[in-house]
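Have a look at the structure below, then the notes.
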Amino acid sequence: MSAVNYLPEATQSSRQRVLQAAFELFVNQGRLDVLRALDQSSGLRIRVNCFFPVNYEFQQFGIWFGDYRPHQEFSPMLRVGGVKVFADSAWTNKMYMTEPHVDQPGYRGEVYWAPDELTRLYRTLHDDGWSLATHTCGDAAHDMVLDAYQAALAGADNAQHRHRIDHLMAVRDDQVQRMVDLGILASFQLTWFTSGTTPDVEGTLGKERLPWVGRWRDLLAAGVPAVASTDYPWVDLAERDNTSGYPMKALSIATTRSVGISSAKRMRRGSPSTTQPTPTGMGKGRRSSPRRWATRESRS
């Protein structure tokens, strides 16, 4: 879908869902031009925070946004939020892991940066005042991203920049603690993890690594500053599914780990937003812990 068609429909659809503001995590120059035109014509119906991408998978865009400033406000409805970086693949069978995928011997997933390259980029953007949001899924990708954030922060806290990690699909215990220590924000998707996706992910990661996946409760319990999202409007606009954009539906899915009929059909087609398992947890003895949810649902 082109930027011209995508943005007016997305903002109108968001308004119908009673959303007042949005963080748009992939605003290239074309989409920014459309947003500014909508804003100037009073057609922008929700407040939009724009994040500028420096890559998409293996496509490198560079720091093309030098004419704009961190947190620049074009109007009360439109502002610059920060910079978006893609570290590894969002597909479960391609996310970047420390050890190989069990169903693909020797294969560790896709990664889009060399560690030293990513660290240099983060230092440059951090020093220039940018807030960074990093699309990160596998545990090896989390190691690389956390190393780069730590180098950029150089001992300072993260309160001013508010660097964050998006998705956090497979996270080890030590990485949860590193996020606490560095003050890195977690942005996870409430609609991504349901009972029906556990077998596929277990087939890729194995039972031993399944507890690393979807650890929302663990992140919160450990004290990681967090925001919940849906990745809307990616699924809605791509597949005409109406699940993810409604706040109450998202909360229902997050609580019950269950989706409606249309989304269940979409799962079987292998949508990237539904290839992950039921959440798991590292804590024990807590009432209705994610670990017990995963165990019960994986048996059904």
Can you spot the aspartates and glutamates whose alpha carbon is less than 13 Å from Lys84's alpha carbon? Ignore those fewer than 8 places along the same chain. Glu24, Glu57, Asp166
How would segment 45-114 be classified by its alpha-carbon gyration tensor: rounded, prolate or oblate, with rounded meaning a/c under 1.5 and the a/b versus b/c comparison settling the rest? prolate
Sequence neighbours fewer than 8 away in the same chain don't count; with that in mind, list the aspartates and glutamates whose C-alpha is under 18 Å from Lys249. Asp231, Asp236, Glu239, Asp241
For segment 141-150, just list the computed ³J(HN,Hα) in residue order, Karplus coefficients 6.51, -1.76 and 1.60, θ = phi - 60°, integers in Hz, with x standing in for Gly and Pro. 5, 5, 4, 4, 5, 5, 4, 5, 4, 4
Quick calc: nm separation of the 7 Å Cα→Cβ label points for Gln72 and Asp157 -> 3.0
Between segment 93-147 and segment 45-72, the Cα center-to-center distance that results, in Å: 19
What residue among Cys137, Gly109, Leu125 has its Cα farthest toward the positive end of the dipole of segment 25-138, where the charges are +1 on Lys, Arg and -1 on Asp, Glu, each on the Cβ? Leu125
What is the spin-label model distance, in nm, from Gln60 to Asp116 if the labels are put 7 Å beyond Cα along the C-beta direction? 1.4
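Just so you know, all these numbers are worked out from the coordinates, no wet-lab data involved. Source: prediction; values computed, not measured. A quick note on method: Cβ atoms are made from the backbone with ideal geometry, for glycine too, and the neighbour counts reach across all protein chains shown.
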